[in-house]
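Engineer: Please see the structure below; I have some questions.
Only the coordinates and a few stated rules stand behind these numbers; no lab work does. In this text, all values refer to a predicted model and were calculated from it rather than measured experimentally. Cβ placement follows ideal geometry from the backbone for every residue including glycine, while neighbour counts extend to all protein chains displayed.
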Amino acid sequence: MMLAVSEVLSPLKGGWFLDNAWLVPVVPTIGFALIVLFGKRLPKKGSELGVLSIFVSLVLASGAAWQWIQRVGAAGEEQFISPVVRTWTWWQAGGVEFTIGQHVDGLTVVVLFVVALISTLIQIYSLEYLRGDRRFTHFFAALTLFSAGMLAMVVAEDMILFLLGWEIMGLCSFMLIGHWWEDGANSRAALKAFFTVRTGDVGLLVGIAMLFFAANEWTTTNLGLSGFSIRGISAWALSGEPNSTVILVAAVALFIAAIGKSGQFPLHTWLPDAMAGPTPVSSLLHSSTMVVAGVFLVARLYPVFFTGLDILGPSSNVIMVIAAITIVVAAALAFVQTDIKRVLAYSTVSQLGYMMLGLGAGAWLPAVFHIFTHAFFKACLFLCAGSISHSASHHSFDMKKDMGGLRKHMPITFAAWTVSTLALCGVFPFSGFFSKDEIIDNVGGNGYTLFMAVGLGGAFLTAAYMTRATYLTFFGQARGASAGEHDSHDAHDSHDVHDSHDSPHESGILITGPIAVLAVLAIFAGLFNATPFGESWEYMKKWVEPRAVVVAQPSAGGPGESFAISVPSSEAGGVESPCGSETPTAGICYAPELNHAKFKWSKALLSLMIVFTGIAVSWLLSAALYGRRDPRLVGLTERNGLARAGYRLLANKYYLDDVYERGVVGTIAGPIARSAYWFNQNILDGILHGIARSARAVAMVVYRDIDQRVVDGAVNASADLTKTTGLAVQPLQSGRVGHYGALLFATAAVVALVFVILNT
Amino acid sequence: MLTGQFLLLGAILFCIGVYGVIARKNAVLVLMSIELILNSVNINLLAFALRNGSADGHTFALYVIAVAAAEVGVGLAMVLLIYRNRRNIGLDELSEMHG
């Protein structure tokens with residue numbers, strides 16, 4: 001029911017697309033409904049509706065992005081650029097208004113654009129990839145709803161709509177991961193993803209409820225907003241009002257939700273299993289929707305985390321610690337995978353760790369920028385993997401068994417893969433360099449040297465495992481299915497219709513087209529915030545980062561009324577804004593003041609050197625290991641000493657294999673496991689045994705004197721009583737429904753009679 | 001207003017419903033009797049709402065209708081299952097619940 005429509009009246013520039021950004025999630029939702037209702041009867045089985053609806057939302061999102069840029073451009077340098085908010089009240093109870101609406105600011109706009117763009121490309125890709133699938137219509141319906149869920153979450157004005165979008169995504173990921181549910185492993189993977197994420201979701205519910213009860217009074221009196229409103233919560237968190245324990249617990253609860261959704265340690269295990277779904281799903285899930293939701297949650301409610309976890313404070317906080325563990329653990333795991341999609345999955349986990357690290361260390365903008373760039377190159381990498389399995393390796397994803405030497409057969413896929421890999425590794429002119437390096441730089445710049453070192457180590461590992469995957473897939477000799485062998489495809493057979501299984505070839509235009517677009521973006525997306533080129537290139541900072549300026553407190557309007565923000569002119573002498581660390585004295589803050597590290601080429605060169613070392617080391621190891629079948633090398637060993645030494649190195653391939661695979665796992669996991677076991681056995685168990693012994697002594701006394709005599713006596717007496725009465729009333733339990741009904745009404749009649757007598 | 005008449009109608013419907021629940025053997029008829037009881041309650045709610053001039057009773061009546069619909073859905077599903085298992089929906093023969 002539309003009870004009240006409110007709009008922010010502001011002197012800033014608006015526009016149709018900004019005012020109607022709520023249409024972005026609504027259009028694909030309608031698309032979903034139409035596909036479900038009519039999809040099967042349409043000539044293209046409903047896929048045209050999916051592509052069309054998501055393309056319309058891409059157009060709307062682009063328009064909104066463009067008008068947001070206009071709005072920022074027209075605003076003053078120090079002016080707070082208020083979000084474009086529209087709300088509709090749909091439920092009113094007990095003085096609380098539940099609203100649904102849009103909250104459009106820089107963060108919303110950039111994520112909307114990325115999600116809509118990647119969803120469009122992936123739907124086009126799926127037209128070819130899933131052609132002839134037995135549940136083609138169902139797939140497109142779920143994929144469209146999946147995007148709609150993410151878009152709804154991004155555009156949400158309050159936490160209720162946010163939660164709705166969040167849960168829609170959880171449901172759709174379950175449907176899509178288990179798309180080929182006839183295989184038990186797939187449906188298990190879907191269940192695992194669903195339940196693991198649900199575990200974290202409890203945190204979201206708790207966090208939202210806590211924030212509502214803590215903030216509602218403040219927001220209602222000061223802003224005329226409910227405690228679910230994202231603006232209200234943000235302003236409240238920075239107002240100096242909240243109790244530090246309450247906001248700490250709320251922030252941790254919300255972060256647990258982010259851990260589950262964004263695959264952070266220790267709830268990262270569902271992400272690699274989610275590879276059971278069709279590749280377009282993996283691509284969408286891992287680049288822009290679903291896993292980014294957790295990072296988005298932290299970025300969206302950043303003031304809560306900023307105040308609650310004391311970000312920028314002297315000590316490290318829980319976000320940074322979890323993120324740092326995630327970066328290293330996931331990157332190490334990527335080394336021992338033979339499935340190309342699993343390498344990418346662990347890579348995603350590790351990159352999400354970077355985003356979280358940035359957010360935890362106060363590098364809000366670099367983290368959001370990394371969401372932006374990562375979406376493009378990771379989507380591209382997954383689509384390349386899909387292209388390989390579709391056209392070269394007979395639906396297998398096993399790099400060791402069914403790939404190798406594919407660069408000649410698939411030039412476009414190879415080029416796109418290389419570009420995206422370089423972007424992921426953070427090599428200079430590619431997009432990943434600008435975002436990842438900025439995160440590492442800002443983490444160091446905010447004084448967290450240890451975590452900067454973890455970030456640099458992670459960059460080394462990233463470069464190494466991606467080089468290994470590239471080598472196994474595209475270089476060396478063709479193996480298994482990609483060499484034309486047909487023996488193994490039964491095991492990986494998940495599709496209904498097989499195109500002719502001839503030798504590896506490049507995929508069709510519907511597959512290479514989206515890949516090429518994403519590859520171009522993987523190269524150039526970094527230029528949106530190219531700090532190395534100077535202030536004028538920092539578009540993302542200008543457009544996306546909320547400005548930490550004090551906004552004059554609006555007069556408390558009644559709920560549902562619009563409120564105008566009057567923006568004070570910049571303070572004389574460039575006095576630093578007190579947002580964040582201090583309580584704003586006059587007015588309210590919507591965003592904390594954050595530092596930006598000054599870019600230095602010396603620091604960038606250090607990280608570039610680390611990346612190149614990683615690539616070189618991994619390349620040499622991979623070549624030694626996997627290129628062993630090269631006949632020239634085998635022949636050379638008989639002829640000269642140098643080659644014999646080389647041969648010995650090659651002959652030790654199993655030893656190196658051990659070093660590379662079991663060795664890495666062994667050295668990382670073994671000692672940790674052993675020390676953890678020792679710690680467990682000697683210290684934890686010691687403490688437990690000590691507690692247990694004393695508890696037992698106390699327990700004996702309690703048992704003899706209290707339990708046996710008092711409690712048992714009482715329990716036995718009541719049990720006897722129950723038994724006696726039970727036996728007495730047993731005949732009443734006839735099992736006849738009519739008898740029960742008669743008894744019920746008779747009792748009611750007696751009670752009614754008693755009331756009548758008492759009241760007269 | 002005719003509050004008294006409304007309440008009388010409600011009471012009569014209620015009694016018919018109670019009789020049906022207790023005396024009928026057919027499960028479907030028992031479900032129908034339960035509907036009668038619920039609707040007699042609705043009439044009472046509306047009658048009092050009219051007398052007090054407040055909308056609460058109307059809201060509640062709507063709520064009762066929604067719950068009643070759900071209840072009939074569940075009830076008929078149970079009756080169907082019972083019929084499928086026993087080829088009979090006589091309630092007097094259903095005594096598995098006896099103590």
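Engineer: DSSP loop (so not H, G, I, E, B), at most 13 other Cβ within 10 Å: list which GluC sites (Glu not before Pro) in region B:42-99 pass both filters.
Structural biologist: Numbers: sites: B:Glu71, B:Glu93, B:Glu96; in loops: B:Glu96.
Listed in order of number, the matching sites are B:Glu96.
Engineer: Could you order the peptides A:700-713, A:52-65 from most to least packed, using the average number of other C-beta atoms within 10 Å per residue?
Structural biologist: Highest-to-lowest ranking by the protection proxy: A:52-65, A:700-713.
Engineer: Rounded to whole Hz and in sequence order, give me ³J(HN,Hα) for region A:319-330 from the Karplus expression 6.51 cos²θ - 1.76 cosθ + 1.60, θ = phi - 60°, writing x for Gly and Pro.
Structural biologist: 4, 5, 4, 4, 5, 5, 4, 4, 4, 6, 4, 5
Engineer: Looking at the square roots a ≥ b ≥ c of the eigenvalues of the Cα gyration tensor of region A:15-162, which shape do they give, rounded for a/c under 1.5, prolate if a/b is larger than b/c, or oblate? All intermediate terms of the calculation are to be shown ahead of the outcome.
Structural biologist: On the way: a/c = 3.02, a/b = 1.61, b/c = 1.88.
Oblate, because a/c is 1.5 or more while a/b does not exceed b/c.
Engineer: Put +1 on the Cβ of every Lys and Arg and -1 on every Asp and Glu Cβ in the protein assembly as shown; which of A:Ile311, A:Leu732, A:Phe475 then has its Cα farthest towards the positive end of the dipole?
Structural biologist: Working it through, the farthest residue towards the positive pole turns out to be A:Phe475.
Engineer: Here's another thing I want to ask about it. Starting from the Kirkwood radius over alpha-carbon pairs of region B:2-95, derive D by Stokes-Einstein at 10 °C in a medium of 1.306 mPa s and give it in µm² s⁻¹. Display every interim value, and only then the final one.
Structural biologist: Working: Rh = 14.4 Å.
Value of D from the Cα-based Kirkwood radius: 110 µm²/s.
Engineer: Let me ask something else. Positive end of the charge dipole of the protein assembly as shown (Lys, Arg +1 and Asp, Glu -1 on Cβ, about the Cα centre): tell me which of A:Ala334, B:Ala27, A:Thr99 has its Cα farthest that way.
Structural biologist: Going by the Cα projections, it comes out as A:Ala334.
Engineer: ³J(HN,Hα) across region A:71-83 via Karplus (A = 6.51, B = -1.76, C = 1.60, θ = phi - 60°), whole Hz, x for Gly/Pro?
Structural biologist: 4, 5, x, 7, 7, x, 5, 10, 7, 6, 8, 6, x
Engineer: Residues with amide H under 5 Å of A:Val427's amide H, sequence separation 5 or more or different chain, H placed in the peptide plane at 1.01 Å from N; which?
Structural biologist: Under 5 Å from the amide H of A:Val427: A:Phe433.
Engineer: Hey, if you drop one equal point scatterer on each alpha-carbon of the protein assembly as shown and run the Debye formula without solvent, what base-10 log of I(q)/I(0) do you get at q = 0.05, 0.07, 0.10, 0.11 Å⁻¹?
Structural biologist: Computed log10 I(q)/I(0) values: -0.38, -0.70, -1.12, -1.24.
Engineer: Can I ask one more? If you add up the charges near A:Asn446, with Lys and Arg at +1 and Asp and Glu at -1, over every other residue whose beta carbon is less than 13 angstrom from its beta carbon, what do you get? Working shown, then result.
Structural biologist: Values: positive: A:Lys598; negative: A:Asp310, A:Glu438, A:Asp441, A:Glu593.
Local net charge: -3.
Engineer: Go through region A:348-363 residue by residue and turn each phi into a ³J(HN,Hα) via Karplus (6.51, -1.76, 1.60, θ = phi - 60°); whole Hz please, and just put x for glycine and proline.
Structural biologist: My calculation for region A:348-363 gives 4, 4, 5, 5, 5, x, 4, 4, 5, 4, x, 5, x, 9, x, 9 Hz in order.
Engineer: State to the nearest 20 debye the size of the charge dipole of region B:2-95 about its Cα centre, where the only charges are +1 on K and R beta carbons and -1 on D and E beta carbons. Numbers along the way, then the final one.
Structural biologist: Numbers: 6 positive and 5 negative charges, 54 e Å.
Rounded to the nearest 20 debye, it is 260 debye.
Engineer: Of the listed peptides A:514-521, A:682-689, A:385-392, what is their order by residue-averaged count of other C-beta atoms within 10 Å, with the highest listed first? It would help to have the intermediate numbers written out before the result.
Structural biologist: On the way: A:514-521: 23.4, A:682-689: 10.8, A:385-392: 26.2.
Highest-to-lowest ranking by the protection proxy: A:385-392, A:514-521, A:682-689.
Engineer: Residue by residue through A:731-737, how many Cβ atoms from other chains fall within 10 Å of the Cβ on average? Intermediate values should be presented prior to the final figure.
Structural biologist: On the way: counts 2, 2, 4, 4, 7, 7, 10.
If you average over the peptide's residues, the count of other-chain Cβ atoms is 5.
Engineer: Toward the positive end of the charge dipole of region A:156-303, about the Cα centre and with charges on Cβ (Lys, Arg +1; Asp, Glu -1), which of A:Ala257, A:Pro272, A:Leu164 goes farthest?
Structural biologist: Projecting each Cα onto the dipole axis, the largest value belongs to A:Pro272.
Engineer: Measure up A:Lys261/A:Lys400; A:Lys436/A:Lys542; A:Lys45/A:Lys261 against 23 Å on the Cα-Cα distance and list the ones that go over.
Structural biologist: Values: A:Lys261/A:Lys400 31 Å; A:Lys436/A:Lys542 19 Å; A:Lys45/A:Lys261 31 Å.
Exceeds cut-off: A:Lys261/A:Lys400; A:Lys45/A:Lys261.
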